1. Give G43, G86 a once-over and let me know the one that is among the small types (G, A, S) and either within 16 Å of D101 (Cα to Cα) or in contact with a helix residue (DSSP H, G or I) (Cβ under 6 Å, 6 or more places away or on another chain) (or both).
2. For the range 203-223, does any single residue satisfy the condition of being closer than 21 Å to Q98 by Cβ and either free of Cβ contacts under 8 Å to residues at least 12 places away in the same chain or in a helix (DSSP H, G or I) (or both)?
3. Got a number for residues in the range 192-225 being crowded, with 19+ Cβ neighbours inside 10 Å and of a type in the set (A, V, I, L, M)?
4. Is it the case, given these coordinates, that L139 is in contact (Cβ under 8 Å) with a residue 40 or more places away in the chain, aliphatic (A, V, I, L, M), within 10 Å of the ligand (Cβ to nearest atom) and within 20 Å of G172 (Cα to Cα)?
5. With the checklist (1) among the acidic types (D, E); (2) under 19 Å from the mean Cα position of the chain (by Cα); (3) more than 12 Å from the ligand (Cβ to nearest atom); (4) in a loop (DSSP other than H, G, I, E, B) in hand, flag the one item E55 doesn't pass.
6. Can you tell me how many residues in the range 177-192 are under 14 Å from the mean Cα position of the chain (by Cα), not in a helix (DSSP H, G or I) and not charged (D, E, K, R)?
7. Any residue in the range 18-39 that is within 21 Å of T79 (Cβ to Cβ) and exposed (fewer than 13 other Cβ atoms within 10 Å of the Cβ) sitting within a Cβ distance under 8 Å of a residue that is at pLDDT 95 or above and small (G, A, S)? List the pairs, counting only those 6 or more apart or interchain.
8. Please work out if L31 is in contact with a strand residue (DSSP E or B) (Cβ under 8 Å, 6 or more places away or on another chain) and part of a helix (DSSP H, G or I).
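The values are calculated or read from the model by the stated rules, or taken from the named source; none is laboratory data. Since the structure is predicted, the reported quantities are computational estimates derived from the model, not experimental observations. Note: ideal-geometry Cβ built from the backbone for every residue, glycine included; neighbour counts use all protein chains shown.
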Amino acid sequence: MKLLAYRAHVMLVSALVAVHESRKEHDSNFLPTAINALDLGCGTGLLADALEKTELQFQNLTCIDISQEMLKRARSKPTYTQFIEGDIASSLRSLQQQTYDLVVAADVLPYLARLDDIMERAHKALVPGGIFTFTVEALEAHLPLPYASSRSDDHVEIDAGDPLDQEIHTKGWAILSNGRVAHERAYVDRLARKFKFLVEAVGDGPIRWQRGNQVEGHVFVLKKV
Ligand SMILES: C[S@@+](CC[C@H](N)C(=O)[O-])C[C@H]1O[C@@H](n2cnc3c(N)ncnc32)[C@H](O)[C@@H]1O
């Protein structure tokens, strides 16, 4: 069995396509026929492969990754047109505002703690009506009941009933023992409202298999109001 198997890109593309299918007939502005898009934390380009299999057409798909090695591998994907090596937050700051129809981020937000900066930057980068779709690792899967019915190996290092539990719930994210960050669905919902995004869809499901364990995540499809 593989030690690490990524699923976030599949979950993200399925959610995006489902929303696109249900909206396109009634909302002609819901993603243009030639999409200008940005892939945050593209890695080897799994998203590009998955997007290529959909009916969505891209005039530009710019990818950003902090790792030179990952970008080198992403360069082999024909769907990508531009490559930016750097941190997603600072790269978003330097890009022209109100430019992109679509910003995607599969399994990269678990590398960030607070998400307000990235939400604000993504909102600025998008054209009005633009779509920001991303996955997060589900914090609920790591907390005691009533947030979830199971715990995974990479648990939050707290005891059930610990006052920290409430603190984490209030904060909306926590750094896990493996160094990744899990985010609560309600936290992302709050930020979506704060930065004037409409939540088009939210889904739950496995974003990764890690050491034989399924890692639960949320996928969000947000529309810039
Ligand atoms: C788990 S991989 C996901 C890759 C890809 N999106 C996918 O779904 O297969 C996370 C990627 O995010 C990149 N990354 C992590 N933190 C980053 C940051 N702050 N800025 C840019 N890229 C980052 C890593 O180099 C890695 O390629």
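1. Among G43, G86, only G43 is among the small types (G, A, S) and either within 16 Å of D101 (Cα to Cα) or in contact with a helix residue (DSSP H, G or I) (Cβ under 6 Å, 6 or more places away or on another chain) (or both).
2. No.
3. Total meeting the criteria: 6.
4. no
5. Answer for E55: the failing condition is (2).
6. Number of matching residues: 3.
7. Once the first residue is within 21 Å of T79 (Cβ to Cβ) and exposed (fewer than 13 other Cβ atoms within 10 Å of the Cβ) and sits in the range 18-39, no partner that is at pLDDT 95 or above and small (G, A, S) comes close enough.
8. No: the conditions fail for L31.
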